[in-house]
1. Stretched out fully, how many nm does the piece from residue 23 to residue 225 gain, at 0.36 nm a residue minus the Cα gap?
2. Take residue 127, project a point 7 Å from its Cα along the Cβ direction, then tell me which residues of region 258-288 have their backbone nitrogen under 14 Å from it.
3. Can you give the calculated 222 nm mean residue ellipticity of the chain, where each DSSP H run of n ≥ 4 adds -39,500 (n - 2.57) and the sum is split over every residue, rounded to the nearest 500 deg cm²/dmol?
4. Would you compute the Debye intensity of the chain from its alpha-carbon atoms alone, equal scatterers and no solvent, and pass along log10 I(q)/I(0) at q = 0.07 Å⁻¹ to two decimals?
5. Could you tell me how many degrees, from 0 to 90 and to the nearest 10, lie between the Cα long axis of helix 166-181 and the main elongation axis, the longest principal axis, of the Cα atoms of the chain?
6. Name the most mobile residue of 316, 86, 118, meaning the one with the largest mean-square fluctuation, in a Gaussian network model of the chain with Cα contacts below 10 Å.
7. Indicate the gyration tensor shape class of region 163-222 (rounded, prolate or oblate), computed on the Cα atoms with a ≥ b ≥ c the square roots of the eigenvalues: a/c under 1.5 is rounded; otherwise a/b larger than b/c is prolate and the rest oblate.
8. Please check which bits of region 208-223 a label hung off residue 296 would reach, taking the label as a point 7 Å along Cα-to-C-beta and the cut-off as backbone N under 16 Å.
């Protein structure tokens, strides 16, 4: 075989592989976004940093949840949309950094369809600024640059993300597999073996978590606070946007560890956020509502029933039904549990 013929053969194989990848991703995306259980895949860990910016564009939600795996597992759009008659999107990713939280929020509020952003404040916890982003994150996929300007050639970056990236292929393959395992009439809640957000904490899980997280603290470093303040500054003129922040309802056992390991840092975190939010609300048109669920309440102190928890997957991850309760409280909808958590802003 001549060198020219060999080159042509190689290029043909590559082109066919690229076309096959693009065709698979396009077909999988269509099936996932059209499936009634498809939104539940937003609670699944995988290549969410890669694909969620593209899914956000396709779904055009009214409510967006931004944050760590607490948010990813705690807010299933299938439940939220049914309970509140909205179109929602779960923008939670595992081990989110403060920078990523700010940038995902900036991406969300740049979409005209988005009217409400809900964010858990554990996204701004920690003292390490060395790791700015997690694997798969790329500013080019987001609607605006870190400076707030439209991202150049974003349509091209989203196209390659949707159809030509291995991350999209991995997430699509995982998503199709999970959906195919559901029998007619089943939802994600019926298959906690596939959708871990619907798992239940047991006594064994609790003891394991207490050992693994025994040095865990809940503090806010200087870099994290800088990202938080930048995020608030982005909201200053957004009178059209409803922004809700909250300290998440980690289980009472882990809250006790936070206080044992660094009570001063724990209290300083809450005080710093409250001070920044009050300053923001006093000077900006775009107001922020702040809730604290990281205290003694019906969720954090809920007992195990028949050896399993109705509210938790583990000590820091709450189940999607809890997410609905939290959202009802934060939005002030009918049947909201006014005794759940504390509203720190307003009268």
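1. Residue separation times 0.36 nm, minus the Cα-Cα distance, leaves 68.4 nm.
2. In region 258-288, the label zone of residue 127 (backbone N under 14 Å from the point 7 Å along Cα→Cβ) covers 261-269.
3. So the calculated ellipticity at 222 nm is -15500 deg cm²/dmol.
4. The Cα Debye sum returns log10 ratios of -0.31.
5. Long axis of 166-181 versus the principal axis of the chain: about 70 degrees.
6. 86
7. oblate
8. none
Bear in mind these aren't lab numbers, they're just calculated from the coordinates by the rules spelled out. In this text, all values refer to a predicted model and were calculated from it rather than measured experimentally. FYI the Cβ positions are ideal-geometry reconstructions off the backbone, even for glycines, and counts take in every protein chain you see.
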